Amino acid sequence: MGKQKETASLEDLIEKAGGCAVVDGGFATQLERHGAVINDPLWSALCLIKDPDLIKRVHLEYLEAGADILVTSSYQATLPGFLSRGLSIEEGELLLEKSVKLAVEARDSFWDSVERTPGPGHCYNRALVAASIGSYGAYLADGSEYSGCYGPDVSLDKLKDFHRRRLQVLVEAGPDLLAFETIPNKIEAQACVELLEEQNIQVPSWICFSSVDGENAPSGERFKECLDIINKSNKVHAVGINCAPPQFIEALISKFKELTKKAIVVYPNSGEVWDGKAKRWLPSKCFGDDKFELFATRWRDAGAKLIGGCCRTTPSTTQAISKVLKERL
């Protein structure tokens, strides 16, 4: 590995934010609200090719809403995915780098403007940029990040091979954090942990699982088995849940509190259900911004140190979370 950037401390950010920092919200959701068409295996990563300015705009909207952490647009950006679209490895690597660069540029320009014109009572922090690393299931684009069923041919080594080069490229691009997202099973959590060790990655990371039953990983494996692996690594600074229904979150925070001493991060979706095969959102019970405002304090009080939103949440959701978490500052 080449020289890695010295990163700001996640722990310092949490402290500056009053004990609980705000993660941004749904990225693809906001791109679509601006008219982007991303019904594609590359999903939001398509905009890295077609409309990078829109990606920067969405990052800025989340910063204005009070996000302390920006998650990059690389969730579904993978080298095999780009190759399947006819791009070269070099072009794919440049797009991965661009995902970090766009977020860093948005953060830096926003922070410059905050420092130039500090308003009374503003509660902005200099945000950290988390490079998103979606699960193998996200690359498959078949909904398997919500089932954990990768089949008998997907071994630990295959998962490490899949993630390795993307991880290296994203780290070299200089993010403050790494965010492994919607991990559905123990074997992929193990692959992420082993890669961080083998590559001697110095950038702090978090690993987030999804959950479809509110009790276990999507694979059906108990979270205890998954967290036992993560707890042994000092490369992983936080662990939690993303893109699960918000009504699961409070109980899962309590469960994770018993299983780990690491910081707990939660950023659920709105509660709408994604049909991975039909590629559409199903009507279901979901949280509005007012519910997120109400439950963000409950999640914080239950022990979460990082709270945000995932699919179908927007900057107004982030604003609601930020307002209620920072009102004591």
Task: Potential extension, E215-H122 segment - 0.36 nm per residue separation minus Cα distance - done: 29.6 nm
Task: Ellipsoid semi-axes in whole angstrom, largest first, where each is sqrt(5λ) of the Cα gyration tensor of the chain - done: 26, 23, 20
Open item on the list: About the Cα centre, and with charges only on the beta carbon of Lys, Arg (+1) and Asp, Glu (-1), how big is the dipole of the range 213-255? Nearest 20 debye, please.
Closed with: 220 debye
Task: Listed peptides 304-310, 132-138, 207-213, 122-128 by packing density, highest first (mean Cβ within 10 Å) - done: 304-310, 132-138, 207-213, 122-128
Open item on the list: Tell me the net charge near R222. Cut-off is 14 Å between Cβ atoms, R222 excluded, with +1 for each Lys or Arg and -1 for each Asp or Glu.
Closed with: -3
Open item on the list: If each residue of separation counts as 0.36 nm, what is the full-extension length gain between E105 and K158 once their alpha-carbon separation is subtracted?
Closed with: 15.7 nm
TODO: Compute the longest continuous run of the chain that contains no exposed GluC sites (Glu not before Pro); treat a site as exposed when its DSSP state is not H, G, I, E or B and it has at most 13 other Cβ atoms within 10 Å.
DONE: 7-214
Task: Structure-based [θ]222 nm, the chain - -39500 (n - 2.57) summed over DSSP H runs of at least 4, per residue, nearest 500 - done: -13500 deg cm²/dmol
TODO: Would you kindly work out the equivalent ellipsoid of the range 41-193 from its C-alpha gyration tensor and give its semi-axes, the square roots of five times the eigenvalues, largest first in whole Å?
DONE: 31, 17, 13
Open item on the list: Check which residues have an amide H placed less than 5 Å from N242's amide H, if you skip close sequence neighbours.
Closed with: T182, F209, S210, Y267
Task: Two-site label geometry, R222 and E15: point separation in nm, points 7 Å out along Cα→Cβ - done: 3.6 nm
Open item on the list: Out of all DSSP beta bridges in the chain, what portion is antiparallel? Express it as a percent rounded to 5.
Closed with: 10 percent
- [ ] Under 16 Å Cα to Cα from K291, which lysines show up? Leave out anything in the same chain fewer than 8 places away.
- [x] K323
Open item on the list: Run the paramagnetic zone check for H34: 7 angstrom along Cα to Cβ, then residues of the range 100-115 with backbone nitrogen under 16 Å.
Closed with: 100-110
- [ ] Distance check, please: which entries in K98/K224; K186/K262; K186/K255; K262/K326 exceed 25 angstrom between their Cα atoms?
- [x] K98/K224
Task: Computed over the chain: relative contact order in percent, which uses C-alpha pairs under 8 Å that are six or more apart - done: 22 percent
Open item on the list: Given R₀ = 30 Å, what would the calculated FRET efficiency be for L87 paired with D112, taking r from the Cβ atoms and rounding to 0.05?
Closed with: 0.35
Open item on the list: Ignoring ligands, DNA and RNA, please state the percent of accessible area on the chain from carbon and sulfur, probe 1.4 Å.
Closed with: 49 percent
TODO: Report the extension gain between V273 and D51 in nm, rounded to one decimal, defined as 0.36 nm multiplied by the number of residues separating them, less their alpha carbon distance.
DONE: 77.2 nm
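The values are calculated or read from the model by the stated rules, or taken from the named source; none is laboratory data. Small disclaimer: the values here were computed from a predicted structure and weren't measured. Here Cβ is always computed from backbone atoms with ideal geometry, including for glycine, and neighbour counts include all displayed protein chains. For accessibility, only protein heavy atoms count, side chains too; no ligands or nucleic acids. Shrake-Rupley method; radii C 1.70, N 1.55, O 1.52, S 1.80 Å.
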